[in-house]
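The values are calculated or read from the model by the stated rules, or taken from the named source; none is laboratory data. The structure presented is a predicted model; accordingly, all values stated were derived computationally and were not measured. For neighbour counting, all protein chains shown are included, and Cβ atoms are generated from backbone atoms with ideal geometry for every residue, glycine included. Calculation scope for accessible area: heavy atoms of the full protein, side chains included, ligands and nucleic acids excluded. Shrake-Rupley method; radii C 1.70, N 1.55, O 1.52, S 1.80 Å.
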Amino acid sequence: MSTSKTRAHSRRQFLRLLAASPLLPQLDLPAGWMIRAQAAQDSELITLAKDAINVFDFEAVARRNLPPAHWGYMASGSDDDATIAANREGFTRYQLRMRRLIDVSRLDTSIQLLGAKLDSPILLCPVGGQRMFHRDGEMAVARAARAKKHLQVLSTVGNASIEEVSKERGEPVWFQLYQRNDWDLTRQMLKRAEAAGCPALVFTIDLLGGRNPETYQRLMRRDTRQCGTCHDPAPLLDNRRRPMLADLIPPATPSPEVGTPTWDYVKRLKDTIGMKLLLKGIVTREDAELAVKHGVDGLFVSNHGGRAENSLRSTIECVPEVVAGVAGRVPVIVDSGFRRGTDIFKALALGATAVGVGRPYVWGLSAFGQEGVETVLEILQRELQLVMRQAGTTTIKQILRAHVVERRA
Ligand code: FNR
């Protein structure tokens with residue numbers, strides 16, 4: 001390459017890197033630079049879901065499609081977002097031990113989870129307000145989950161109700177709980193989920209101490225658009241509606257909770273519902289043991305995708321101690337930072353029963369709606385199947401602790 005061509009190539013590379021940086025909106029670059037950086041990145045963007053090579057291809061399109069506040073809400077971690085990076089970094093701590101000369105022509109990725117058979121160990125984590133990512137929000141996700149046969153968990157702050165989402169999914173979905181400040185209101189939601197046939201309640205406990213989503217705050221300030229224009233032609237009120245909350249009937253005699261939930265609250269939930277109860281946000285052996293002691297039916301090892309506290313501890317590194325804590329008594333699901341089939345394989349090898357994804361399917365949704373979500377699920381499933389064959393494992397049960405080794409420092 002001539003010197004001038006090399007220089008032009010390096011400049012393009014630099015602009016692409018710049019455009020891909022989450023810091024781009026925070027940098028006070030001259031307008032011309034921003035436009036050139038965006039153009040360099042756009043030339044790399046996929047225009048069809050089927051052109052995606054991996055799930056990150058959807059991230060770039062989602063970033064272009066979403067207004068800064070919506071992007072910021074989704075991309076944000078806590079403080080300086082370091083736990084988001086730690087979640088990814090954690091996977092590099094584990095290497096795979098591949099086995100050879102095993103017939104891997106037939107694969108079965110099904111698992112048993114709380115009495116149900118699932119075709120895949122990959123499930124869709126609860127994510128609030130999905131109409132901020134696509135006008136069809138949770139309904140598009142439910143259709144994709146149905147087409148690709150994945151378990152879906154609906155958030156308390158979703159833009160569709162448990163009845164609507166379950167109908168679209170073709171079977172009752174799981175429901176995630178953010179408790180209300182009055183037991184009567186919480187109870188109404190639990191009963192509604194139960195009446196809709198929901199088999200499991202996921203109580204999220206990793207935001208009880210609050211959080212500091214700085215990237216979100218920063219990008220929100222940069223968003224000069226009117227929310228009502230984002231999802232045209234649907235009316236603003238409908239976009240923002242969170243039916244599971246909006247439909248609650250204020251109690252005649254309010255009785256505000258005293259303090260934040262503790263293990264007593266878990267007992268109260270357990271005593272109130274007929275559904276299975278899972279806790280989402282467990283990251284230590286001690287809490288895993290306490291959860292089992294309190295009759296919990298399953299756990300999510302999760303740091304909310306790096307959105308809760310800035311612990312700098314990846315969830316994949318928490319899996320071994322939580323698995324040791326439950327000692328096979330209840331299933332352990334893990335999420336936060338899973339982007340590759342190899343990530344999923346590592347979690348299963350370390351003893352997780354299933355793996356949840358959040359942002360990857362939200363990227364798919366933001367980029368191409370239902371088709372985007374379907375393609376993300378397809379890619380993750382395909383990658384998982386590939387590594388299963390490479391490791392000589394034809395069923396999920398055959399994925400063992402011996403298939404991973406901790407990298408020496
Ligand atoms: C979430 N998450 C989440 N969790 C929950 O229990 N209730 C909720 O309403 C939400 N909302 C939500 C919104 C957005 C935009 C994101 C990105 C995440 C957390 C989610 O369930 C899951 O734990 C993480 O998304 C998993 O990490 P990754 O896959 O996003 O890295």
Q: Restricting attention to helices (runs of 4 or more DSSP H) lying wholly within the range 1-114, give those where 2 or more residues are modelled with pLDDT of 95 or more and open to solvent by less than 60 Å² (accessible area, probe 1.4 Å).
A: 56-65, 68-75, 82-91
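Rundown of residues vs (1) of a type in the set (D, E, K, R); (2) over 29 Å from G90 (Cα atoms); (3) touching a residue at least 40 places away in the same chain (Cβ under 8 Å), yes/no style:
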site: L269; (1), (2), (3): no, yes, yes
site: K280; (1), (2), (3): yes, no, yes
site: E286; (1), (2), (3): yes, no, no
site: V292; (1), (2), (3): no, no, no
site: N303; (1), (2), (3): no, no, yes
site: T315; (1), (2), (3): no, no, yes
site: V322; (1), (2), (3): no, no, yes
**Q.** Members of the range 143-155 found to be out of contact with any strand residue (DSSP E or B) (no Cβ under 6 Å at 6 or more places or on another chain) and either under 14 Å from A196 (Cα atoms) or among the small types (G, A, S) (or both), listed by number
**A.** A144, A147
Q: Considering only the range 313-409, give the helices (runs of 4 or more DSSP H) lying wholly within it that have at least 3 residues that are of a type in the set (K, R) and under 19 Å from V202 (Cα atoms).
A: none
Q. How many of the residues in the range 160-173 are in a loop (DSSP other than H, G, I, E, B) and open to solvent by less than 20 Å² (accessible area, probe 1.4 Å)?
A. 3
Q: Return a yes/no flag: does the range 178-193 have any residue that is out of contact with any strand residue (DSSP E or B) (no Cβ under 9 Å at 6 or more places or on another chain), modelled with pLDDT of 95 or more, of a type in the set (D, E, K, R) and within 27 Å of G305 (Cβ to Cβ).
A: yes
Q) open to solvent by 20 Å² or more (accessible area, probe 1.4 Å), modelled with pLDDT of 95 or more and either more than 16 Å from the ligand (Cβ to nearest atom) or of a type in the set (F, W, Y) (or both), is that true of G351? A) yes
(Q) Of everything in the range 175-197, what is within 16 Å of the ligand (Cβ to nearest atom), open to solvent by 10 Å² or more (accessible area, probe 1.4 Å) and in contact (Cβ under 8 Å) with a residue 60 or more places away in the chain? Give them in sequence order. (A) Q179, R180
Q: For the range 120-136, state whether one or more residues are part of a strand (DSSP E or B), at pLDDT 95 or above, crowded, with 19+ Cβ neighbours inside 10 Å and away from the ligand (no atom under 16 Å from the Cβ).
A: no
**Q.** Residues that are in contact with a Gly (Cβ under 8 Å, 6 or more places away or on another chain) and charged (D, E, K, R), drawn from the range 58-84
**A.** D81
Q. Q385 is checked against (1) out of contact with any Ser or Thr (no Cβ under 7 Å at 6 or more places or on another chain); (2) more than 16 Å from the ligand (Cβ to nearest atom) and fails just one. What number does that condition carry?
A. (1)
(Q) Among the residues of the range 58-74, what is the count of those that are within 13 Å of the ligand (Cβ to nearest atom), closer than 21 Å to I379 by Cβ and among the hydrophobic types (A, V, I, L, M, F, W, C)? (A) 4
Q: Name the one entry in R268, R285, R329, R340 that is within 16 Å of the ligand (Cβ to nearest atom) and either modelled with pLDDT of 95 or more or closer than 30 Å to L380 by Cα (or both).
A: R340
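Rundown of residues vs (1) open to solvent by less than 10 Å² (accessible area, probe 1.4 Å); (2) under 20 Å from the mean Cα position of the chain (by Cα); (3) of a type outside the set (F, W, Y), yes/no style:
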position	(1), (2), (3)
I273	no, no, yes
S314	yes, yes, yes
G341	yes, yes, yes
F368	no, yes, no
E374	no, yes, yes
